[in-house]
1. Could you check how much of the accessible area of the protein assembly as shown is carbon and sulfur, as a whole percent, using a 1.4 Å probe?
2. Using a probe radius of 1.4 Å on heavy atoms only, what accessible surface per residue do you get for segment A:221-329? Whole Å² is fine.
3. If you plug each phi of segment A:14-19 into the Karplus form 6.51 cos²θ - 1.76 cosθ + 1.60 with θ = phi - 60°, what whole-Hz ³J(HN,Hα) values come out, in order, with x for Gly and Pro?
4. Kindly rank A:173-181, A:305-313, A:132-140 from highest to lowest mean number of other beta carbons found within 10 Å of each residue.
5. Using Cα springs under 10 Å in a Gaussian network model of chain B, which residue among B:HIS24, B:HIS53, B:HIS61 shows the largest mean-square fluctuation?
6. Would you calculate the separation in nanometres between label points at A:PHE55 and A:LYS132, each defined as 7 Å from the Cα along the Cα-to-beta-carbon direction?
7. Quick one: go through segment B:34-58 and flag any residue whose amide nitrogen is under 13 Å from the point 7 Å out along the Cα-to-Cβ line of B:TYR66.
8. Using only Cα atoms, locate the centre of segment A:187-254 and the centre of segment A:327-377, then give the distance between them in Å, rounded to an integer.
Amino acid sequence: MQRFSGLDLFLRALGRHQTWKPQWREPEPKAAYDAVIVGGGGHGLGAAYYLAKEFGLRNIAVLEKGWIGGGNTGRNTTIIRSNYLFDESAALYDHAVKLWEGLSQELNYNVMFSQRGVLMLAHNIHDIQSFKRHVHANRVNGVDNEWLTPEQVKEFCPALNVGPNMRYPILGGALQRRGGTARHDAVAWGYARAADALGVDIIQNCEVTAINRDAQGRVSGVETTRGPIRTTKVGVSAAGHTSVLMQMAGLRMPLESYPLQALVSEPVKPAFNCVVMSNTIHAYISQSDKGEMVIGAGTDAYTSYSQRGALHIATHTLDAICELVPMFRRLRMLRKWGGIVDVTPDRSPILAKLPVPGLYVNCGWGTGGFKATPGAGHLLAWTMAKDEPHPINAPFTLERFRDGRLIDEAAAAAVAH
Amino acid sequence: MLLIPCPHCGERPEIEFRYGGEAHVARPADPSALDDEAWAAYLYLRNNPKGLHAERWRHIHGCGRYFNVLRDTVSDKITATYKAGEPRPDLPATEAAE
Ligand SMILES: Cc1cc2nc3c(=O)[nH]c(=O)nc-3n(C[C@H](O)[C@H](O)[C@H](O)COP(=O)(O)OP(=O)(O)OC[C@H]3O[C@@H](n4cnc5c(N)ncnc54)[C@H](O)[C@@H]3O)c2cc1C
Ligand SMILES: [Zn+2]
């Protein structure tokens, strides 16, 4: 792997940047691997990297039906935080935030992790009570989160309208200072480059069309659009397409796939210094380093794989943004797009080994799994390598729905990004 | 936004409706006779197909009634609507996918 550094960049600039090489190989699929990851998003690529790096499994492949990072990894609004209510969730998401903090160094790739603070706005009494409960629960779990009065909100994010003339006035907010954003593509590319250097085959344009099982029911391989591949371990990390893949192994999942959309404005000079979320009026906003305002909208009402998202959903979000930040009324929107998110009944992920021997899944991250990318990758790798869960992901089983052990972040937060 | 043909009122914009999830998920007649696995399957497991999907909609800002829709989840094209209680029309799963 060619190591990146300031000096290297300077020297290549002298050579007019003509000397850069592709950062990972484009290998043909082999006939067999020790393990196969389905889905080349940040989670799947991360899992492959940690399998190779920490668990010594080098003969592995990541199979991606399109291009790596072309799923939700490259479509999301990149909000990263860990101030979830329940103990299990706080441990899971904070595991990821801790990995984010060292990720650029670990991968020698600038993932542009920016801990600019994530501010969640309260607009009514219920919000205030629920956010204060989160603040206290988070502190008990060692996760930073603090309550801000409207004046403190204004001081932290001067662009916000905290006046009384709003339909839903800002009554305060919960701030996680360690939260922030990262560059979505860089995460996929950084993991791909580092995994490739450890011998992992990253195979794009390779759709898995069947999961094969032997006479005992164990996983024996996969069929793909680029031919069959033998393997005894398959880790599915396919976000919105998880139900489709699991059906290939004869499993029905507690999942529904919905389009979730985002949009960006024309790029402008730095004008918005943090991440602001409002679950109550459905608006999520931050400014990218390119200058665009990155705005997250809600999901469509119905399940779909269409990767679009309806215009009235985006309009609803823009209404809210215009009230929250009046100066953005004059911004023009540049483009919008959708991604397919896999939603569980309790809005918590499933990261577990499955009843089918040799089959593992990482799914159900729904509208909020980008923040978990390094953690989910690491824990899926652990679970596949040891054939048992890490204590952090042990509660996130498929069986929790049968056993009534839901981790009900849905009830705790209503929406999550 | 979808244009949804309510079997009672005709075509109306999606915002007049509420989505009701997968259709034909019948509540078991005797829940206490089920084991946990079967009860969880009723509550939580869904087909979530990429293709033709039978789903419930409620015309909440119209006639107020529930009815069923067959929609392709890739193109979002609606191929049939029918009244609650009627069986799912027998269309091949691929027809709508084109
Ligand atoms: C608009 C939007 C905004 C969001 N905002 C946030 C946010 O602010 N913060 C946050 O934390 N999360 C957010 N999310 C959620 C987040 O994007 C996802 O939870 C996360 O990126 C999932 O990562 P992944 O690697 O599992 O999935 P993906 O990146 O979707 O990767 C899955 C891959 O599997 C591939 N695949 C599918 N089927 C097959 C097959 N049969 N064979 C081979 N490959 C297959 C797909 O092509 C895809 O590349 C948002 C999502 C969307 C859509
Ligand atoms: Zn009607």
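1. Carbon plus sulfur share of accessible area: 52 percent.
2. Averaged over the residues of segment A:221-329, the accessible area is 35 Å².
3. 4, x, 6, 6, 8, 9
4. Going from most to least packed, we get A:173-181, A:305-313, A:132-140.
5. Maximum fluctuation in the GNM of chain B, among the listed residues, is at B:HIS61.
6. It works out to 4.4 nm between the two label points.
7. Under 13 Å, as judged by backbone N against the label point of B:TYR66, lie B:55-58 of segment B:34-58.
8. 18 Å
The values are calculated or read from the model by the stated rules, or taken from the named source; none is laboratory data. Fair warning: this is a prediction, and the values are worked out from it, not measured in the lab. All Cβ positions, even for glycine, are placed from backbone atoms using ideal geometry, and neighbour counts span all protein chains on display. Just the protein is used for accessible areas: all its heavy atoms, side chains included, with ligands, DNA and RNA removed. Shrake-Rupley method; radii C 1.70, N 1.55, O 1.52, S 1.80 Å.
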